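Worksheet: one structure, shown below.
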Amino acid sequence: MARNTCKQIADALLRLMDQKELDSITVWELTEEANVNKKTFYYHFHSIAELLDWMCFTKIFSYTEETQITASNWTMFLGKITTAIRSNRDYITKILSSGYSPEFLQSMSNVIGIMMESYVQQIIKNWESEHTEQMRITKTQLEYLTRYHTMAFFGVVEKWFQNGMELSDEEFTSLFLMLSGNSVFHTLELFSGMDN
């Protein structure tokens, strides 16, 4: 029931964004459009920024919760990200031209970070299974590795979006895979060979 209410509020925000600039939309207008009271809105969200964060996770990147990200389906997930961004292009453009842009970019980075962490963990699990030993990597090394690849991917996605997404989803995915190669795996192997 709570998820349905959140979706109702999110859909109302999208309708209002079709009519006016995001910065000019008030919580009062939003609750009127969603046919809920302000108390209901504030029960679920502290602000419109928090609503946008929820929308980023559930409307744009909902598939990240559906399937575990593995080395074998990584390319599929990259394709889903580009498809999700392209299908929500108009709304993302409106959000990025608003005062909510920094928070929304952080939300997108967080989603990509969760996805990247899952991918790295799966690679470690595969390596440990093949070598029948634990990979010698510290928590700090793992955090830096995940953050580095998250920001690299996020930066490339941001540039692709700013360039009007002139590359098709398939071309963009191929480009990123060429840029990144096997760098996650290679770095993990380097870390595992170090004395921790």
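Things to note:
- Pairwise FRET efficiency - THR26 versus ASN73, Cβ, R0 = 41 Å, nearest 0.05: 0.45
- The Cβ shell under 14 Å around LYS159 holds other residues with a net charge of -3, Lys and Arg each +1, Asp and Glu each -1.
- Rounded FRET efficiency, nearest 0.05, which uses the C-beta distance separating ARG86 from LYS125 and R0 of 45 Å: 0.90
- Lysine pairs within the chain, Cα separation less than 26 Å, 8 or more sequence positions apart or different chains: 21
- Where N is the number of residues in region 94-150, Cα Rg divided by 2.2 N^0.38 Å: 1.53
- Region 131-196 - percent of accessible surface contributed by carbon and sulfur, probe 1.4 Å: 56 percent
- Per residue value of the accessible surface for region 69-118 (all protein chains in place, 1.4 Å probe), Å²: 42 Å²
- For the chain, alpha-carbon Rg over 2.2 N^0.38 Å: 1.18
- Solvent-accessible area per residue, Å², over region 1-54 with all protein chains present [probe radius 1.4 Å]: 59 Å²
- Multiplying the residue separation of LYS7 and GLN19 by 0.36 nm and removing their Cα-Cα distance gives an extension gain of 2.4 nm.
- DSSP-assigned coil residues among GluC sites (Glu not before Pro) in region 134-169, each with at most 11 further Cβ atoms within 10 Å: GLU166
- Only helices enter the 222 nm calculation for the chain: every DSSP H run of n ≥ 4 contributes -39,500 (n - 2.57), and dividing by all residues gives -22500 deg cm²/dmol, rounded to 500.
- Where only C-alpha atoms are counted, convex hull volume of region 137-196 per residue in Å³: 64 Å³
- For region 145-196, the solvent-accessible area with a 1.4 angstrom probe is 57 square angstrom per residue.
The values are calculated or read from the model by the stated rules, or taken from the named source; none is laboratory data. Here the structure is a predicted model, which is why all the values come from computation and not from measurement. All Cβ positions, glycine included, derive from the backbone under ideal geometry; neighbour counts span all protein chains shown. Accessible surface areas use protein heavy atoms only, side chains included; no ligands, DNA or RNA. Shrake-Rupley method; radii C 1.70, N 1.55, O 1.52, S 1.80 Å.
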